[in-house]
Amino acid sequence: MDEKLNWIFSRRSIRKYTDQPVEKDKVRTLLEAAMAAPSAGNRQPWHFVVITDRKALDALVDVHQWAGMLTEAPLCIAVCGEPASSKAEAFWVQDCSAAMQNLLLAAVCLDLGAVWLGIYPAEEPVQTVRELLNIPSNITPLGLAVVGYPAEDKPANTRFDQSKVHDEQFESS
Ligand SMILES: Cc1cc2nc3c(=O)[nH]c(=O)nc-3n(C[C@H](O)[C@H](O)[C@H](O)COP(=O)(O)O)c2cc1C
């Protein structure tokens, strides 16, 4: 594995965290990394809600059944999109996904652990997050980045699969 790329491969979903809060300068860096993502036509149709309040974090657990780690986490960043400001309306999902991935990779560089909780396009979770975080109707929450100092270790991922790679054309004729 190329040493310079190791931080990409060592990104894993971290769902257990210590009590240590995430410093404000690190939160800023996570947001800078997210906003450095590519976006169609460079429209940057994203918004971020930064949540550190314990009660608010605990309330978000109800968003769906795979969000239990929020009760331990010191930080959650909701990555949201503004479809009307993206180049073509549906591009907001790709733009905001790129921002989310940049944020997750930046977390690795900052010795943090993080996990992406999917929200959009599931209607009920979108509605729950909208209500809990007071998000207006023209903005849609794409997902939650749950972040903290890791209290679990996971090996770097090695999921390369040659069968997913197609030479020149998908199917040989
Ligand atoms: C769109 C999306 C939604 C996800 N939603 C959840 C989720 O709700 N809860 C969770 O614990 N992990 C969630 N994950 C994390 C995946 O489970 C995880 O990325 C996958 O199992 C691979 O493991 P790794 O991230 O450690 O490499 C989500 C990931 C993506 C990309």
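None of the figures in this text is laboratory data; all of them are computed from the coordinates on show. Quick caveat: nothing in here was measured; it's all calculated off a predicted structure. FYI the Cβ positions are ideal-geometry reconstructions off the backbone, even for glycines, and counts take in every protein chain you see.
Observations, loosely collected:
- Any hit, region 113-128, residues being more than 12 Å from the chain's Cα centre (by Cα), in contact (Cβ under 8 Å) with a residue 60 or more places away in the chain and within 18 Å of Leu31 (Cβ to Cβ): no
- Taken over region 1-44, the residue count meeting the criterion of being small (Gly, Ala, Ser), in a helix (DSSP H, G or I) and surrounded by fewer than 17 Cβ atoms within 10 Å (Cβ to Cβ) is 2.
- Residue in region 45-75 that is surrounded by the most Cβ atoms within 10 Å (Cβ to Cβ), counting only those that are touching a residue at least 60 places away in the same chain (Cβ under 8 Å), away from the ligand (no atom under 15 Å from the Cβ) and within 13 Å of Leu133 (Cα to Cα): Ile51
- Given (1) more than 11 Å from the ligand (Cβ to nearest atom); (2) surrounded by fewer than 17 Cβ atoms within 10 Å (Cβ to Cβ); (3) of a type outside the set (Phe, Trp, Tyr), number of the condition Ala78 does not satisfy: (2)
- Restricting attention to region 100-116, the residues being of a type in the set (A, V, I, L, M), over 11 Å from Val147 (Cα atoms) and near the ligand (Cβ under 10 Å from one of its atoms) number 1.
- Restricting Asp161, Asp95, Asp167 to residues that are more than 10 Å from the ligand (Cβ to nearest atom), touching a Lys or Arg at 6+ places or on another chain (Cβ under 9 Å) and among the charged types (D, E, K, R) narrows the list to Asp95.
- Residue within region 110-122 that is in a strand (DSSP E or B) and either surrounded by fewer than 19 Cβ atoms within 10 Å (Cβ to Cβ) or among the basic types (Lys, Arg) (or both) present: yes
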